[in-house]
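The values are calculated or read from the model by the stated rules, or taken from the named source; none is laboratory data. Model, not experiment: these values are computed from the prediction. A quick note on method: Cβ atoms are made from the backbone with ideal geometry, for glycine too, and the neighbour counts reach across all protein chains shown. All accessible areas refer to the heavy atoms of the entire protein, side chains included, with ligands and DNA or RNA removed. Shrake-Rupley method; radii C 1.70, N 1.55, O 1.52, S 1.80 Å.
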Amino acid sequence: MATRIEEDDDDVPALSAQTLAALREFIAEQRDTEKEGTGEEGEVALVTEDWRLSQFWYDRNTAETLVEEIRFLSDCSQPPSPSVACISCPTLYAYLKKIEPDIPAQILEFDKRFGQYGEDYIFYDYNLPEELPLALKHSFKIIVADPPYLSKECLEKVTKTISFLAKPQDSHLLLLTGEVQKERALELLNARPCGFRPQHSNKLGNEFLLYTNYNPQGRLGGWEPTL
């Protein structure tokens, strides 16, 4: 609700310019808070997409579907709750921490706004695919990657990052990228497309797929049949 200042009432004391400016700033912040709270219940608030960084957030159904798969993989792992690496997919990280806060996760992201997540945040530039803390090497059984660009070069470099992070055996990869990367995803990562179609809050012009390097069986719509 907006606050009005009555200027023509002699009984109302005048506000100093500094106080008035502070009041207006407070009112603006309250309006912003009200706008952020108008989303559907269960949605996770995210920072604004920066299209210059090729940022497109998943819609709620996509994020929750991915979290459900991570929960399944985590429950099947020995020991349970292995760490999850979220490469350039902050939407997933935010939903994962809300829905499954006990599953440890790291977010690797170029955008330093995500430094708000504290020690979970690792600065990541795909052009420097292996310039990461040595402690992360071969330490993840579950990796989710969403390369920011649909170029061969980008996928090749992200592949190096995945190899750096993944445990040598028994690691699970979920890759979200365009349909145009289908042959490269198979060649570089042995990842095949699933029937489930990821969607974004802002629709993309390119066909977007979910690939895995393991057979999800009946989950995620299963692997698409090969021709």
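Considering region 78-93, the residues that are open to solvent by 10 Å² or more (accessible area, probe 1.4 Å) and in contact (Cβ under 8 Å) with a residue 24 or more places away in the chain include one that is farthest from the chain's Cα centre (by Cα), namely P82.
With respect to (1) at positive phi; (2) free of Cβ contacts under 8 Å to residues at least 24 places away in the same chain, the lone exception for H138 is condition (2). When region 140-175 is filtered for residues that are assigned to a loop (DSSP other than H, G, I, E, B), more than 22 Å from W57 (Cα to Cα) and open to solvent by 40 Å² or more (accessible area, probe 1.4 Å), the ones remaining, listed by number, are K167, P168, Q169, D170.
Residues in region 104-139 that are crowded, with 18+ Cβ neighbours inside 10 Å and touching a strand residue (DSSP E or B) at 6+ places or on another chain (Cβ under 6 Å) were compared, and the one that is nearest to S151 (Cα to Cα) is Y124. Annotation: of all residues in region 176-226 being within 21 Å of the chain's Cα centre (by Cα) and polar (S, T, N, Q), the one that is most open to solvent (accessible area, probe 1.4 Å) is N206.
Take the conditions under 18 Å from the mean Cα position of the chain (by Cα), over 17 Å from L210 (Cβ atoms) and of a type in the set (D, E) and apply them to D170. Does it pass?
Values: under 18 Å from the mean Cα position of the chain (by Cα): no; over 17 Å from L210 (Cβ atoms): yes; of a type in the set (D, E): yes.
Considered against the rule, which asks whether it is under 18 Å from the mean Cα position of the chain (by Cα), over 17 Å from L210 (Cβ atoms) and of a type in the set (D, E), D170 comes out as no.
Among the numbered conditions (1) modelled with pLDDT under 95; (2) outside any loop (DSSP other than H, G, I, E, B), the only one that T62 does not meet is (1). Restricting region 65-103 to residues that are of a type in the set (V, I, T) and outside any helix (DSSP H, G or I), the residue that is farthest from F123 (Cα to Cα) is I103.
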